[in-house]
1. What are the lysines whose alpha-carbon lies under 26 Å from the alpha-carbon of Lys208, with same-chain residues fewer than 8 places away excluded?
2. For the chain, evaluate the Debye formula with one uniform point scatterer on each Cα (no solvent term) and list log10 I(q)/I(0) at q = 0.08, 0.09, 0.11, 0.13 Å⁻¹, rounded to two decimals.
3. Which FRET efficiency value, to the nearest 0.05, do you get for Ser213 and Ala278 by plugging their Cβ-Cβ distance into 1/(1 + (r/R0)^6) with R0 = 22 Å?
4. Once the Cα gyration tensor of the range 90-188 is diagonalised, what are the square roots of 5 times its eigenvalues, in whole Å and ordered largest first, as equivalent ellipsoid semi-axes?
5. Regarding the range 36-147, what's the average projected area of the Cα-atom convex hull, expressed in nm²?
6. Which of the pairs Lys85/Lys159; Lys82/Lys159; Lys131/Lys282; Lys32/Lys131 have their Cα atoms more than 18 Å apart in this structure?
7. Taking all protein chains as present, what is the carbon and sulfur share of the accessible area of the chain, in % to the nearest whole number, probe 1.4 Å?
8. Could you give each residue of the range 233-247 its phi-based ³J(HN,Hα) in whole Hz, using Karplus coefficients 6.51, -1.76, 1.60 with θ = phi - 60°, and x for Gly or Pro?
Amino acid sequence: MIQEKNYAIGLDLGGTKILAALIDEQGRIVHKTTCPTLAAEGQEAVIGRILSSVETVLTESGITVTSVRGVGIATAGVIDTKANKVLYANNLGWEHVAIGQIVSERFGLPVQLINDANAAAVAEWVFGAGKGTDNVIYVTVSTGVGAGFISDGRLITGKGDSAGEFGHISIDPDGPPCACGNRGCLENYVSGPTLAKIARTRLANGEKSAFLSQYPLEQITAKEIGEGVMQGDPLCKDIHLRASRDLGAGITSLIHLFNPELIVVGGGVMTTGDYLFAETEKVVRERAISRMAEQVRLVRSSLGGEAGVLGAAGLFLHRNHQPVRALTQLQT
Ligand SMILES: [Zn+2]
């Protein structure tokens with residue numbers, strides 16, 4: 001009797017921790033394990049922890065490897081999804097690590113790498129708010145600003161796996177120079193560190209905020225601003241209102257380019273951003289071409305810290321069973 005392969009393993013390789021999870025076709029986490037990455041101990045040690053994390057979820061869940069379709073690995077680094085290599089990962093100190101091949105050889109399973117924003121997009125598409133639709137965009141507003149695109153049922157990765165640099169579309173050609181070489185990039189108006197910088201500058205210039213004044217200037221981050229908005233602080237609200245105009249303009253461009261059915265907005269800045277989200281949606285509804293605006297829903301992400309493992313595993317659990325790339329496939 002042929003054993004049904006109803007599971008996939010998702011692994012989220014972060015600079016702080018490694019999360020591995022065995023996930024079923026409904027997106028339920030059957031078993032998960034987490035361990036610190038400890039990147040300073042070197043590449044071999046981290047690879048060892050990745051392998052033992054996969055081993056642990058298999059052993060502790062009691063699911064045999066023959067029931068598993070594959071292992072998806074989500075990471076923040078620069079990756080090559082065809083070769084399944086991490087080309088460069090600052091947070092791990094890695095360069096050209098063939099982690100896909102290493103994991104595949106050890107377990108005899110197909111392995112697929114995917115970047116963080118794309119993993120979140122796949123997670124929403126396969127298991128989250130985007131279930132049943134084939135045109136989903138995931139937007140993240142965090143330390144950086146990025147996006148993942150599912151268009152007509154395909155994850156768009158581009159020639160060099162670099163598609164989705166939403167934070168580097170210019171919203172002002174005469175705006176401040178960006179580290180990427182462009183000017184007026186969206187990321188320089190709405191990312192977490194940018195909002196914190198705006199708040200510190202406005203306070204230093206004499207503007208008042210009863211909420212923010214309880215913190216020393218250097219301790220103000222996007223989190224404090226978000227809390228200030230929830231307390232009704234006018235300066236914090238104004239910072240989010242201005243950010244919503246820029247983010248809304250950016251998202252409107254995405255709607256015009258991709259004609260999506262669903263846009264899911266996530267990321268750290270959005271976790272305290274009821275007001276920011278509502279104002280951003282208002283801008284989108286005002287600005288987008290009405291036909292396309294009518295076809296799109298905007299929602300906030302509800303998958304949280306497990307989006308990475310769900311998306312990585314989701315590559316193998318989607319109803320089409322058509323992962324992004326040719327996989328590192330050792331078995332027939
Ligand atoms: Zn840029």
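1. Lys197, Lys223, Lys237
2. Taking Cα atoms of the chain as identical point scatterers yields -0.40, -0.50, -0.73, -0.98.
3. That pair, Ser213 with Ala278, gives E of 0.25.
4. Semi-axes from the Cα gyration tensor: 28, 20, 11 Å.
5. In nm², the orientation-averaged hull projection of the range 36-147 is 8.3.
6. Lys131/Lys282; Lys32/Lys131
7. Taking all protein chains in place, the chain shows 51 percent carbon and sulfur surface.
8. Taking θ as phi minus 60°, the curve returns 5, x, 5, 4, 5, 5, 5, 5, 4, 5, 4, 5, 5, 5, 5 Hz for the range 233-247.
The values are calculated or read from the model by the stated rules, or taken from the named source; none is laboratory data. Quick caveat, the model's predicted, so the values are computed rather than measured. Counting neighbours? That spans all protein chains shown, and the Cβs are built from the backbone with ideal geometry, glycine included. For accessibility, only protein heavy atoms count, side chains too; no ligands or nucleic acids. Shrake-Rupley method; radii C 1.70, N 1.55, O 1.52, S 1.80 Å.
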